[in-house]
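The values are calculated or read from the model by the stated rules, or taken from the named source; none is laboratory data. None of the values given here were measured: they were computed from a predicted structure. Cβ placement follows ideal geometry from the backbone for every residue including glycine, while neighbour counts extend to all protein chains displayed. Note: areas computed on protein heavy atoms with side chains; ligands, DNA, RNA excluded. Shrake-Rupley method; radii C 1.70, N 1.55, O 1.52, S 1.80 Å.
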Amino acid sequence: MKNKTSLYLISVAFLLSSCSLGGKKGQENNEQNQNHNSTICTHVDSNNDHLCDSCNIKLTSHKDLDNDHFCDVCSFKMSSHLDDNFDHMCDVCNEKMSEHEDKNNDHLCDICNLKITEHVDENNDNYCDICKSKLEDDEEDDILNAPIPEKLSYRAGYENTKSVTKPTSGTTTIDLYGINDFHGAINADSYELGLAQIGSYMKSKTDKANTLFIDSGDTWQGSLESNYNYGNLITDVFSYAHLSARTIGNHDFDWGSRKLLNNTARSYNNYLIPTLGANIYNFDWDSKTVGDVQMYNLGKEYAIYTLDNGLRVGIVGVIGSDQITSISTNNVKSIAFTNHIEKIKDVSDYLRTEKKCDIVVASEHDGYDYEEEELTNVSYVSGKKYVDFVFNAHTHRKENYTNNGVTFAQAGCNGQTVAHATLTYNYSTNSITSTDFEYENSFDIKNVSIDSNIQSIINDYAKTTNEVGNKVLTNKMNGYFDKNECLANLMCEAIYERCLSNGLNVDFTYANNARDYLSYSIGENLTYSDLYKAFPFDNAVYIINVKGNQCLKELVNYNCIYNSGISSVSSYTTYSVAALDYLAFHCNSNRQYDYFPRVQEVDFLKKENGEIYTYREILADYLLANPNKIFNSEDYSSSNTRFSKPSISN
């Protein structure tokens, strides 16, 4: 055993010795080969693979001196196109990689951020066809207030040129039809007849002899289908139907007097509706003085029609003088409304004596009250009553009164009905002998076939508005949201949350009542068009600083609020308030700020592109941002602490 072990150890030692000698010899041979390669081989790379054809040593690395992405030696692709500076050009080869594109429709290239398109409005709906944003006027001066026209040496009015010989004996009749406060009621429902039906009915009447159809104001504002095109749809339909005259109402200023000017100057098939506003005058805001220029570019004093029966009918249109307080102040800083009763009397004398009108009709955007009785008196100038018939408006009432033989009538609102009067005139006595008044039966109105041209006009506008209006905001509304409390409180909450997301800490948010209620169950879709009916106005939201004693008590008592957690208001403490522009800058009839007499404007809520963020858009986005939230109407009662009104402390 010992001998075998010794023999084994000797064998291992021999092998290790042999390996050591062999390794050293191999190393010497490698060194000799390297010396040979560097001194004898001429290094040729005829196949351009960066390796020596003989010794296979690497001679060169990849290089791209001509910047074509390929190796100059082996033609191997070294890189792909690269545009790290987003200029559409490859950073390596300078080859154009892409064209401008704008997939998100914001007028900016998605790659280089360069502005590649301007706003386009080929369908004249005042919204950009590309980005869908509402367009503002191009004027560099005040975008809200219309320019003051030159003072005229004569009265501005409309008059048709028909020449008819008036009989001297016998009797005749004229028919007067009237609507008021249509408020953009485009779509028909169980209460409202809709634009197609009202327009078709209007056309069927104006086609008849000795017939006039008058609109007494607040025509456009009130629905997405109308607001989205600033009332152009209704103007086109009423122009096609040959509306005899329209009077300007307070809500017709909701987009500013420049937008009103656009509508009053808009014609269809060469027919321009006579627009009336006899008591609208220029106003100097700084001195708080009414000027002497009647704003005939917005609405003229009168319209005169010579009818087929030879009668000359004069229409004078006015707006209630106190309604300046019912309009957002910023929209009417350059205009004023003079006493409307006195203006009717003044224009009536002119129409009776200078223009030889046989009949005078007043179209007032104002409700009936005892002051109206003055219009039934006999004028010392003309020797006749100031008016023979009056269409009223504004209060949305379906009512009629007769005083001293003169009928005053109002036809509700939203195209729910049409007022109709038949006046009998005696040629011998040159006077009205009787007035028959009625409200047109809705069945009779609906019995008139829809005019295909009117329907076509409506359909053309619907191509734009349907997509926007049908957008679902939520299906999580639950219960009855009345317009005076729950719905207005929901709006206040949405405004508060928007202020927080914009980094604005406010103590209270204020909103007045909604225009209509909303009633839904879980699962029912609330669309943008539905929301528009409840909040049709385009009010901005302003952030203001006010002292507790600056009529805060009045707003706390009369408006809905969102309370950030303040239990009592101190008269001398400054509070941050988010309020609709109508409330923040409300003025009394003397054009003095009365809700917040010493209001200090801080900011207003705006979109990322700087556009005004209307309160309706704020609520719509709030609903969209909370798709899983259940909006229970009971949670928006004013008994909830979030909407509780603080007490007043000294």
**Prompt:** So what J values fall out for the range 621-636 if you push phi through Karplus, 6.51 cos²θ - 1.76 cosθ + 1.60 with θ = phi - 60°, rounded to Hz, Gly and Pro as x?
**Reply:** 5, 5, 5, 5, 6, 10, x, 9, 7, 8, 9, 8, 4, 5, 6, 10
**Item:** Binned Cα-Cα distance frequencies in the chain - 10 Å width, integer %
**Value:** 3, 13, 19, 19, 14, 8, 5, 3, 3, 4, 3, 2, 2, 1, 1, 0, 0
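So, by mean Cβ neighbours within 10 angstrom, what's the order for 348-357, 612-621, 196-205, 448-457 with the highest one leading?
On the way: 348-357: 18.8, 612-621: 20.7, 196-205: 22.8, 448-457: 15.2.
With the highest mean Cβ count within 10 Å placed first, the list reads 196-205, 612-621, 348-357, 448-457.
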**Message:** Which aspartates and glutamates, if any, have their Cα less than 17 Å from the Cα of residue 96, not counting same-chain residues under 8 positions apart?
**Reply:** 66, 68, 83, 84, 87, 110
**Request:** Before anything else, pin down the relative contact order of the chain: Cα pairs under 8 Å, at least 6 apart, normalised by residue count, whole percent.
**Result:** 11
**Where a label projected 7 Å from the Cα of residue 91 along Cα→Cβ would reach, residues of the range 44-79 with amide N under 20 Å** = 63-71, 77-79
**Asked** Once Lys and Arg get +1 and Asp and Glu get -1 on their Cβ, which of 76, 624, 407 lies farthest toward the positive end of the dipole of the chain?
**Response** 624
**Request:** Would you work out if the range 386-448 is rounded, prolate or oblate? Take a ≥ b ≥ c from the square roots of the eigenvalues of the alpha-carbon gyration tensor; rounded if a/c is under 1.5, else prolate when a/b is larger than b/c, oblate otherwise.
**Result:** oblate
**Request:** Tally up the carbon and sulfur contribution to the accessible surface of the chain as a whole percent, 1.4 Å probe, everything protein left in place.
**Result:** 46
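For 504, 473, give me the order by solvent-accessible area with a 1.4 Å probe, most accessible first, ignoring ligands, DNA and RNA. Could the numbers behind the result be given before it?
Working: 504 40, 473 10 Å².
In descending accessible area the options line up as 504, 473.
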**Complete:** Sorted on mean Cβ neighbours within 10 Å (highest first), peptides 561-567, 359-365 come out as 359-365, 561-567
**DSSP-defined antiparallel bridges as percent of all bridges, the chain, nearest 5** = 65
**Asked** Net charge near residue 625, counting Lys/Arg +1 and Asp/Glu -1 over other residues with Cβ under 10 Å of its Cβ?
**Response** 0
**Message:** Give me a comma-separated list of calculated 3J(HN,Hα) values for the range 605-619, in order, Karplus coefficients 6.51, -1.76, 1.60 applied at θ = phi - 60°, integers in Hz, x for any Gly or Pro.
**Reply:** 6, 9, 7, 4, 8, x, 6, 4, 9, 5, 4, 5, 5, 4, 5
**Item:** Net charge over other residues, Cβ less than 10 angstrom from the Cβ of residue 282 (K, R count +1; D, E count -1)
**Value:** -1
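May I ask you to derive the FRET efficiency for residue 56 and residue 100 from their Cβ-Cβ distance with R0 = 45 Å, giving the value to the nearest 0.05? If you can, show how the numbers build up before the last one.
Numbers: r = 51 Å, r/R0 = 1.13.
Working from the Cβ atoms, E equals 0.30.
Subtract the Cα-Cα distance of residue 342 and residue 292 from 0.36 nm times their separation in residues, and report this length gain in nm to one decimal.
Values: separation 50, 0.36 × 50 = 18.00 nm, distance 1.52 nm.
Residue separation times 0.36 nm, minus the Cα-Cα distance, leaves 16.5 nm.
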**Request:** Keeping all protein chains in place, calculate the accessible area per residue for the range 167-215 (probe 1.4 angstrom), answer in Å².
**Result:** 33
**For the range 555-648, the fraction of alpha-carbon pairs in successive 10 Å shells from zero, as %** = 12, 35, 37, 15, 1
**Complete:** For residue 443, placing the label point 7 angstrom along Cα-to-beta-carbon and taking the range 395-434, residues whose amide nitrogen sits under 13 Å are none
**Asked** Taking the mean number of other Cβ atoms within 10 Å as a proxy for protection, how do you rank 538-547, 600-609, 49-58 from highest to lowest?
**Response** 538-547, 49-58, 600-609
**Asked** If amide H atoms are built 1.01 Å from N in the plane of the peptide, which residues on other chains or at least 5 residues away come under 5 Å of the amide H of residue 481?
**Response** 518, 519, 520
**Three principal axis lengths of the range 384-510 [C-alpha, angstrom, descending]** = 76, 41, 27
**Prompt:** Past the 23 Å Cα-Cα mark, which pairs from 203/355; 547/645; 547/606; 446/483; 483/645; 151/355?
**Reply:** 203/355; 547/606; 446/483
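Explain nothing, just the number: relative contact order of the range 319-448, from Cα pairs under 8 Å at least 6 residues apart, as a whole percent. Working shown, then result.
Working: 194 pairs, mean separation 20.7, N = 130.
That works out to 16 percent.
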**Message:** Helix-only estimate, please: 222 nm mean residue ellipticity of the chain, summing -39500 (n - 2.57) across DSSP H runs of length 4 or more and dividing by its residues, to the nearest 500.
**Reply:** -7500 deg cm²/dmol
**Message:** Compute for the range 252-406: radius of gyration divided by Kirkwood radius, i.e. Rg/Rh, restricted to C-alpha atoms, rounded to two decimals.
**Reply:** 0.97
